[in-house]
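Following: one structure in structure tokens, then a few remarks.
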Amino acid sequence: MENDLYATPEHEAFRDTVRKFTGEVLKPRAREFDAAGCPDKALFKKMGDLGLLGLRYEAEYGGSELDWSFSAVMHDELGRCDNAGVCMSISVHTEMATPSLAQFGTPELKREYLAPAIAGESISAIAVTEPDAGSDVAGVKTRAVRDGDEWVINGTKTYITNARIADWFCLLAVTDPDAGYGGYSQIIVPNNLPGVRVDLLDKIGMWGSDTGQIHFEDVRVPVANTIGDIGRGFQQQMMQFQDERLVACITGLAGSEVLWEETKRWCEERQLFGRPLAKMQNTQFKLADLWVELQAARALNDAVVKQMCAGVDATKLTTAAKVFSVRVSMKVATECMQLHGGYGYMKESMAGRAFVDSRLAAIGGGSNETMLHYLAKQLGM
């Protein structure tokens, strides 16, 4: 990155650590994780040992108390690991399921769930989406009814990354159906409780991560497992989404940059009508156009990271970055696949994998249409 935000000796040393990890641990096993349909728990333990799973969290629970610039460096390097599915599995754990717990959880909850998550001894997942409630989070219907000191949970969550390998879920449930936006709560639900059932789903991409539907039938958890105040779950989840969207921008862009570089090399070596494909004006224009958009996306993402580091509200810029970065990633994947020709359609091809992987980002974490809806409101429309 040619950016002062990441140019300190501390950032460079940290980048070297993450790059060594991806080069020695992740990349050699990339296709193995695809075949398994998920990373193994040993991968998370290795990341925990390296201090990669709690960068912004309190030292008391094993975190490093760093700012978002270090998280950006980590996910930028992970995004280059040649397995977007594994990247997503890791980011669900670090940026989607644990931020609310770290910010709003009681010391007891943090000791029981956050500390092992930071150490890589447990894996987490975020359970929000339902069959009838995706980008419209307010449509969630899963109920948690209080019975003394316990919640009794019934409902179904779907498209949940880490559904099979997670030890616990950060669940968003309705705890007061008459309270509007004040009627939702975030609750930690262990995966091994009676009444929890996971059915795996078969995705067209992101093969290195498991995705499932989770059924909760009279599942009992202590009310003490509530993250933050009862009734504040919707607001906390909206805050947690900002971390999710930013990391999706960063990892997606990093993967797109690697694909662009690989495609440029391919076009320089590929012969067509007696000369390299890269010498043809159409190819040059395509690659140059993609490079311009990649630079613009990186500048926008960096602007969001700066706002996050400064502690200001980055909601508007994060929303814009999510829309733009996703568009760029999808365009890069489509054009690079085309430039690879028939090989681009093979599952073993980086371009082929990127084509199906990049498509998810326009849906997950809030669809592009929903992002534009939110952005219009933020712009006073």
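Remark: pairs (first residue in the stretch 268-292, in the same structural domain as residue 342 (by TED's automatic domain parsing); second residue surrounded by 14 or more Cβ atoms within 10 Å (Cβ to Cβ) and among the β-branched types (Val, Ile, Thr); Cβ separation under 6 Å; 6+ apart in sequence or on different chains) = 277/283; 290/332.
Considering each residue of the stretch 345-365, count those that are assigned to a loop (DSSP other than H, G, I, E, B) and either closer than 16 Å to residue 249 by Cα or out of contact with any helix residue (DSSP H, G or I) (no Cβ under 6 Å at 6 or more places or on another chain) (or both), and give that number. Adding up the residues that qualify gives 5.
Results for (1) modelled with pLDDT of 95 or more; (2) aliphatic (A, V, I, L, M), shown as yes or no for each residue.
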position: 263; (1), (2): yes, no
position: 287; (1), (2): yes, yes
position: 295; (1), (2): yes, no
position: 305; (1), (2): yes, yes
position: 312; (1), (2): no, yes
position: 321; (1), (2): yes, yes
position: 330; (1), (2): yes, yes
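Out of the residues in the stretch 124-167 meeting the condition of being assigned to a strand (DSSP E or B) and within 17 Å of the chain's Cα centre (by Cα), tell me which one is farthest from residue 213 (Cα to Cα).
Per the stated criteria, the residue is 124.
The set of residues in the stretch 264-322 that are crowded, with 18+ Cβ neighbours inside 10 Å and not in a helix (DSSP H, G or I) contains only 314.
All of (1) modelled with pLDDT under 95; (2) within 21 Å of the chain's Cα centre (by Cα) hold for residue 180 with one exception: (2).
The values are calculated or read from the model by the stated rules, or taken from the named source; none is laboratory data. On a predicted model such as this, the values are computed, not experimentally measured, just so you know. Reconstructed Cβ throughout: ideal geometry from the backbone, glycine too, with neighbour counts over all protein chains shown.
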